[in-house]
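Below is one structure; the comments refer to it alone.
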Amino acid sequence: MRLAIYSNNQKTSLEVTDQIRAALMAADNHEIIFDQIRPDVVISVGGDGTLLAAFHEYSAQLTEIRFIGMHTGHLGFYSDWQKDEVQALVASLLNEPGKTVKYPLLEMVIKYSDGHTTRQLALNEAAIKRPLGTLVADVYINGELFERFRGDGLTAATPTGSTGYNKSIGGAVVHPSLAVIQLSEIASLNNRVYRTLGSPLIVGPSETIKIVPRRNDGKEIITFDHLNQPSQNVEWIELRVATEKIAFTEYRHLEFWHRVKSSFIGPEVD
Ligand code: NAP
């Protein structure tokens with residue numbers, strides 16, 4: 001097995017990375033090759049943000065890679081393991097096949113006015129925001145004009161991304177077994193003159209959301225996960241469920257709703 005460890009730069013994460021390496025090298029009769037370029041398995045050590053960075057580092061090799069998340073803080077949405085479980089993780093890695101679990105991704109295609117297009121994948125979400133002034137954009141669903149949006153911005157989130165930015169702006173938490181994309185509004189203008197749906201909406205796996213910014217001054221910010229794309233001269237942005245998926249190796253099942261409860265609600269109180 002070719003293995004890469006992708007860590008953030010925090011002291012705890014670097015220590016955990018050393019512990020994983022040491023435990024793997026101490027194991028007898030196991031064919032582990034450390035390979036940061038063409039791994040079969042990537043262990044992300046850090047937070048959910050680190051897993052996002054690992055995903056983008058290896059996004060061109062998704063069909064060959066299985067991810068494993070080790071969180072060095074709390075229980076994460078992309079991490080099954082915590083920092084005091086290095087020995088248990090290494091034992092599972094060496095002795096168990098594990099189950100492959102795949103989650104949907106978002107495809108974002110941007111067409112620029114000179115005719116060229118870019119294509120990005122997002123694990124959490126893509127967003128178009130206008131930090132100064134009002135974003136004005138036409139939203140099409142499956143080619144039909146749905147609404148003219150006015151407000152701070154719009155996000156399109158995957159199910160696993162639904163607990164990130166999407167949740168903070170009032171989006172629903174979506175189970176990752178559903179191959180859908182959720183469009184959510186950031187502070188839309190809604191009054192007698194301007195009208196948007198005013199609630200998040202969820203599109204299915206074969207549907208396309210197209211956003212056409214109306215002010216061509218390049219003052220929007222277009223993000224995908226922690227990254228961004230140039231917003232000058234954007235003709236349109238298309239968003240849909242990607243054909244690719246991200247694969248994780250799961251050695252023990254952690255119920256999605258348990259993660260949600262643990263992260264956002266906490267232990268039961270009397
Ligand atoms: P970041 O500092 O890497 O992350 C911001 C926070 O979001 C961290 O606490 C991170 O958890 C958490 N997070 C990331 N993905 C999540 C998910 N799928 N479910 C629940 N929590 C998640 O921020 P960034 O580099 O700017 O952006 C990375 C992601 O963070 C974005 O894709 C966005 O979803 C999220 N974010 C959320 C807000 C918000 O809620 N207002 C603002 C900015 C970014 P860890 O501590 O485990 O890394």
Out of segment 121-145, which residues are away from the ligand (no atom under 16 Å from the Cβ), open to solvent by 10 Å² or more (accessible area, probe 1.4 Å), in contact (Cβ under 8 Å) with a residue 24 or more places away in the chain and more than 23 Å from VAL173 (Cβ to Cβ)?
ARG130, LEU132, GLY133, THR134, VAL136, TYR140, ASN142, GLY143
Restrict the check to segment 24-45 and report whether at least one residue is polar (S, T, N, Q) and within 13 Å of the ligand (Cβ to nearest atom).
yes
Got at least one residue in segment 214-224 being open to solvent by less than 50 Å² (accessible area, probe 1.4 Å), modelled with pLDDT under 95 and assigned to a loop (DSSP other than H, G, I, E, B)?
yes
Being within 18 Å of PRO159 (Cα to Cα) and in contact with a Gly (Cβ under 7 Å, 6 or more places away or on another chain) is true for just one of SER79, SER44. Which residue is that?
SER79
I need the full set of residues from segment 225-270 which are surrounded by fewer than 13 Cβ atoms within 10 Å (Cβ to Cβ), among the β-branched types (Val, Ile, Thr) and in contact with a strand residue (DSSP E or B) (Cβ under 9 Å, 6 or more places away or on another chain), in order please.
THR243
Residues of segment 173-201 that turn out to be within 15 Å of the ligand (Cβ to nearest atom), of a type in the set (Gly, Ala, Ser), open to solvent by 50 Å² or more (accessible area, probe 1.4 Å) and within 27 Å of GLY76 (Cβ to Cβ), as a count
0
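Scan segment 57-66 and give yes if some residue there is within 12 Å of the ligand (Cβ to nearest atom) and either modelled with pLDDT of 95 or more or hydroxyl-bearing (Ser, Thr, Tyr) (or both), otherwise no.
no
The values are calculated or read from the model by the stated rules, or taken from the named source; none is laboratory data. The shown structure was predicted, so the numbers you read here are calculated from the model rather than taken from an experiment. Every residue, glycine as well, gets a Cβ built from its backbone with ideal geometry; the counts of neighbours run over all protein chains shown. Heads up: the accessible areas ignore ligands, DNA and RNA and are worked out on the full protein's heavy atoms, side chains in. Shrake-Rupley method; radii C 1.70, N 1.55, O 1.52, S 1.80 Å.
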